[in-house]
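> Let me give you the structure first, and then I'll get to my questions.
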2 protein chains.
Amino acid sequence: MYAGIVEEKSVTFDTDLRLESGRILGPVTLVYETYGKLDEKRSNAILVTHAWTGNAHLAGKYSEDEQKPGWWDAIIGPGRLLDTDRHFVICSNVIGSCYGSTGPASINPKTGKRYNLSFPVITVRDMVRAQKLLMDHLGIDKLLTVLGGSMGGMQALEWATQFPDRVASAVVLATSPRPSAQAISLNAVARWAIFNDPSWKKGEYRKNPKDGLALARGIGHITFLSDDSMTAKFGRRFSAKDGLFDFFGQFEVERYLFYNGYNFVDRFDTNSFLYLAKALDLYDVAWGCESLQEAFEPVTAPIQFFAFTSDWLYPPYQTEEMVQALEALGKPVEYHLIESSYGHDAFLLEHETFAPMVRAFLEKIGTGD
Amino acid sequence: MYAGIVEEKSVTFDTDLRLESGRILGPVTLVYETYGKLDEKRSNAILVTHAWTGNAHLAGKYSEDEQKPGWWDAIIGPGRLLDTDRHFVICSNVIGSCYGSTGPASINPKTGKRYNLSFPVITVRDMVRAQKLLMDHLGIDKLLTVLGGSMGGMQALEWATQFPDRVASAVVLATSPRPSAQAISLNAVARWAIFNDPSWKKGEYRKNPKDGLALARGIGHITFLSDDSMTAKFGRRFSAKDGLFDFFGQFEVERYLFYNGYNFVDRFDTNSFLYLAKALDLYDVAWGCESLQEAFEPVTAPIQFFAFTSDWLYPPYQTEEMVQALEALGKPVEYHLIESSYGHDAFLLEHETFAPMVRAFLEKIGTGD
């Protein structure tokens, strides 16, 4: 069953946030949603963390009229993987984003103007520090689990390594401990596409610089799919309206990238896109440590990892490096390599495959009851 | 030994070229270079075909002062793989390019102005039709071999399938029989980067639209390398001059893409880049046929194929489809999968690995004597 009618909540914290860069951000607002009820012991909370362009609207609908439910509705609700009859599920929009939490499009209280590029560079660790303020606010001492894919998985890793006493387990999907040069390069050309757009104006735009942002998103889409899934979906079909020998004629895959790229302009802020891309590239679970093993030393929560065979953005070998480091330390870890042609997007699409495994994991570690 | 001092040659044909699109292109000029001497029987000629942004300057130097020899000098010269003591080696710049052959930057004799976007969309088959005019001009009835990688390999395939009586063998490296949706999508975003540049002016620029072309080339570089080679070359190192928490700070891989992208602007015409990208995407060896097998039916020349394990632009499975189709027809075919971390660029860099195999192939089929 689906999670029903939900509402967006918001909290602004009293304390400023000291960022990894040494800079101070404040006041910090987080937008979040919750599903299900927090029990009296405040012991049934699960945090779901979102990816790059995600938001707090994880599940349910704001009203019956809303066309689509939240972005990962399929796994949240009564009787679903994250069972809202038993669990209190939380999703919060990360700092740096544009869906209500403090980000570059927010008003800087010191100037009365949008931060734009005066917003500090943030890291995934900073996002999790802000989430911890939210857990304090909600009175949740220990999360049953933190579950997320891609940048959401990075947040789950930060919870497990930075705040080990605050999480009982973590589920990490399609995540890299530190994106490779290839992944960085694909974000680099996406950034470049925006920098090239004259209407970006070094972040001081009034309206989203649409051509640059659409192209940046188009590049992103290539990395979310796979060679196989693109072949299955588009093959070499030519767009019907355009002649094969027309200079501006498009292949169907090309039209798909355009269409989705320009659609994205209506829903995401360009500067947020850039700040979060940077956070992804800077991400290193072993930040400040000599090795993955050193980074994982404090971990107490069992971690369940999922990687997907056709994910070439954060390929399985990167997840396997983490699994090996944790195993070498004798930490409780579980790893599933899922055969899938969906590429990086598989973490959102293959839920029917991984849900039973996550359910078994949560039950085994005693957070499923 | 290197091929010595060479000179660029040029020929303009009397006949117009009827293109695959049905349009007529003329007059057609081809720029070419030759190395070694054509024997009396005109039977020792080898054609080397270039890739996307290549040119006719395959080997040797124009003068002792020239800093670098031609782009594949390592395999051409006295005693080298293509031995200019025995062979007459030819390389011609393709139509559509900007290195002297007729392309969008050429003057349209009918208008007295640059073609720009009035230049017709061309295919790899059209390039080879023009090359055939050059072979007629040079009086070469049959080429000992046609050898090329990437778009050069596509040209070799066109020679073998369209003009089977004109080639005794072919060597095809890092080539696709028809690029996949993923490969098309990567060219699509490169095109998009140029279309977004206001100084492109729908092709009517005076000066190359540098930001768009540089970005397009940057995207190309990602596809020429591999995850492994980028990790080996750049890892996650940050550019020393930029702070990690500087919004505009760059990773080394990012700087590499910028540097090479902007360098490219000085040496290549934007419209040529677009026309050749389109030719790559449109390429299908089975153009007009029902299947690969039907396309390969006319082939008489033994073909030697090389694919490279880390080439994700034209992955080995695509070469293997061709090998299987030829084998099913009982055609003479040889296939080598080379273990390499260099990605698509491996075809240029791994010559020490494949040269002995090419030498043995040419000797076996009797063209090496």
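The values are calculated or read from the model by the stated rules, or taken from the named source; none is laboratory data. Values in this document were obtained by computation on a predicted structure and should not be read as measured data. Note that each Cβ is placed from the backbone with ideal geometry, even for glycine, and that neighbours are counted across all protein chains shown. Accessible surface is based on the protein model in full, side chains and every heavy atom, while ligands, DNA and RNA are left aside. Shrake-Rupley method; radii C 1.70, N 1.55, O 1.52, S 1.80 Å.
> Restricting attention to the alpha-carbon atoms of chain A, what are Rg (one decimal) and Dmax (integer), both in Å?
20.3, 68
> Which of A:217, A:178, A:80 moves most in a GNM of chain A, Cα contacts under 10 Å?
A:80
> Could you compute the FRET efficiency for residue A:7 and residue B:142, with r as their C-beta to C-beta distance and R0 at 56 Å, rounded to 0.05?
On the way: r = 78 Å, r/R0 = 1.39.
Efficiency, from the Cβ-Cβ distance: 0.10.
> Another question, then. Over chain B, what relative contact order in percent results from Cα pairs under 8 Å that are six or more residues apart?
Numbers: 762 pairs, mean separation 62.9, N = 369.
With pairs under 8 Å counted, the relative contact order is 17 percent.
> Among B:139, B:366, B:102, whose Cα lies farthest out toward the positive end of the dipole of chain B, if unit charges sit on the beta carbon of Lys, Arg (+1) and Asp, Glu (-1)?
Towards the positive end, the residue furthest out is B:102.
> So how much slack lies between residue B:337 and residue B:165, counting 0.36 nm per residue of separation and subtracting their Cα-Cα distance, in nm?
Numbers: separation 172, 0.36 × 172 = 61.92 nm, distance 2.80 nm.
Additional length available on full extension: 59.1 nm.
> Could you let me know the centre-to-centre spacing of the stretch B:82-138 and the stretch A:1-73, using Cα atoms, in angstrom?
60 Å
> How big, in percent, is the set of alpha carbon pairs in the stretch A:73-204 lying more than 25 Å apart?
It works out to 39 percent of all Cα pairs.
> Also: Considering only protein heavy atoms and a 1.4 Å probe, what is the carbon-and-sulfur percentage of the accessible area of chain B? Spell out each step's value before the answer.
Values: 6880 of 13930 Å².
Carbon-and-sulfur percentage of accessible area, whole number: 49.
> Normalised by the number of residues in the stretch A:244-335, what is the relative contact order in percent for Cα pairs under 8 Å and 6+ residues apart? If you can, show how the numbers build up before the last one.
Details: 51 pairs, mean separation 20.5, N = 92.
Contact order relative to length: 22 percent.
> Once both labels are modelled 7 Å past Cα along the beta-carbon direction, what's the residue B:294-residue B:320 spacing in nm?
Here the modelled spin labels are 2.6 nm apart.
> Okay, moving on. Would you mind checking A:41/A:364; A:202/A:233; A:68/A:113; B:41/B:364; B:68/B:364; B:110/B:278 for any pair whose Cα atoms are more than 28 angstrom apart? Before the final figure, lay out each step's value.
Working: A:41/A:364 21 Å; A:202/A:233 37 Å; A:68/A:113 34 Å; B:41/B:364 21 Å; B:68/B:364 33 Å; B:110/B:278 24 Å.
Violating the 28 Å limit, Cα to Cα: A:202/A:233; A:68/A:113; B:68/B:364.
> Can you give the charge dipole size of the stretch B:174-280 about its Cα centre, rounded to the nearest 20 debye, using +1 on the beta carbon of Lys and Arg and -1 on the beta carbon of Asp and Glu? It would help to have the intermediate numbers written out before the result.
Values: 15 positive and 11 negative charges, 67 e Å.
Value, rounded to 20: 320 debye.
> Under a no-solvent Debye model with one identical scatterer per Cα of the stretch B:283-367, what's log10 I(q)/I(0) at q = 0.15 Å⁻¹?
So the normalised log intensities are -0.61.
> Here is a follow-up. Please compute how much accessible surface disappears when A pairs with B, both sides summed, using a 1.4 Å probe, and round it to the nearest 100 Å².
On the way: alone 16440 and 16470 Å², together 27830 Å².
Interface between A and B: roughly 5100 Å².
> Using the 2.2 N^0.38 Å rule of thumb for compact globular proteins, work out how the stretch A:1-98 stacks up: its C-alpha Rg over that value, please.
Values: Rg = 14.8 Å, N = 98, 2.2 N^0.38 = 12.6 Å.
Against the compact-globule rule of thumb, the ratio is 1.17.
> List residues of the stretch B:71-111, by number, whose backbone nitrogen lies under 14 Å from a label position 7 Å along Cα→C-beta of residue B:37.
B:84-89
> Picking from A:132, A:331, A:41, which is most flexible by a Gaussian network model of chain A using Cα springs under 10 Å?
Its mean-square fluctuation being the largest, the pick is A:41.
> Could you compute Rg(Cα) / (2.2 N^0.38 Å) for the stretch A:62-117, with N its residue count? All intermediate terms of the calculation are to be shown ahead of the outcome.
Values: Rg = 16.5 Å, N = 56, 2.2 N^0.38 = 10.2 Å.
Taking the Cα Rg and dividing by 2.2 N^0.38 Å, one obtains 1.62.
> Let me ask something else. Once both labels are modelled 7 Å past Cα along the beta-carbon direction, what's the residue A:67-residue B:23 spacing in nm?
A separation of 3.8 nm, rounded to one decimal place.
> If you take the charge dipole of the stretch B:64-170 about its Cα centre, with +1 on Lys and Arg Cβ and -1 on Asp and Glu Cβ, which of B:149, B:159, B:123 is farthest toward its positive end?
Towards the positive end, the residue furthest out is B:123.
> Ok, one more. For residue B:85 and residue B:111, calculate 0.36 nm times their separation in residues minus their Cα-Cα distance, and state this gained length in nm to one decimal.
On the way: separation 26, 0.36 × 26 = 9.36 nm, distance 4.54 nm.
Stretched fully, the residue B:85-residue B:111 segment lengthens by 4.8 nm.
> Taking amide H positions as placed in the peptide plane 1.01 Å from N, state which residues far from residue B:143 in sequence (5 or more) or on other chains have amide H under 5 Å from it.
The answer is B:167, B:168.
> What size of dipole, in debye to the nearest 20, comes out for chain B about its Cα centre when the only charges are +1 on Lys and Arg C-beta atoms and -1 on Asp and Glu C-beta atoms? Each step should come with its number before you reach the end.
Values: 36 positive and 46 negative charges, 246 e Å.
So the dipole magnitude of chain B works out to roughly 1180 debye.
> Size of the protein assembly as shown along its principal axes in angstrom, Cα-based, largest extent first?
So the three principal-axis extents are 97, 51, 50 Å.
> May I pose another question? Taking chain B as a Gaussian network, where each spring joins two C-alpha atoms under 10 Å apart, which residue of B:155, B:250, B:318 fluctuates the most?
In the Gaussian network model the winner is B:250.
> Evaluate the charge dipole of the protein assembly as shown about its Cα centre and quote only its size in Debye, nearest 20, assuming +1 on the Cβ of each Lys and Arg and -1 on the Cβ of each Asp and Glu. Can you show the working numbers first?
Numbers: 72 positive and 92 negative charges, 486 e Å.
Dipole about the Cα centre, nearest 20: 2340 debye.
> I would also like to ask the following. Just grab the label-to-label distance for residue B:260 and residue A:195, each label 7 Å out from Cα along the Cβ direction, in nm (one decimal).
Taking the two extended label points, one gets 1.7 nm.
> Also: Can you tell me what share of the DSSP beta bridges in the protein assembly as shown is antiparallel? A percent to the nearest 5 is fine. Before the final figure, lay out the partial values.
Values: 26 of 78 bridges.
In the protein assembly as shown, DSSP labels about 35 percent of beta bridges as antiparallel.
> Between the stretch A:234-313 and the stretch B:282-337, how many Å separate their Cα centres?
32 Å
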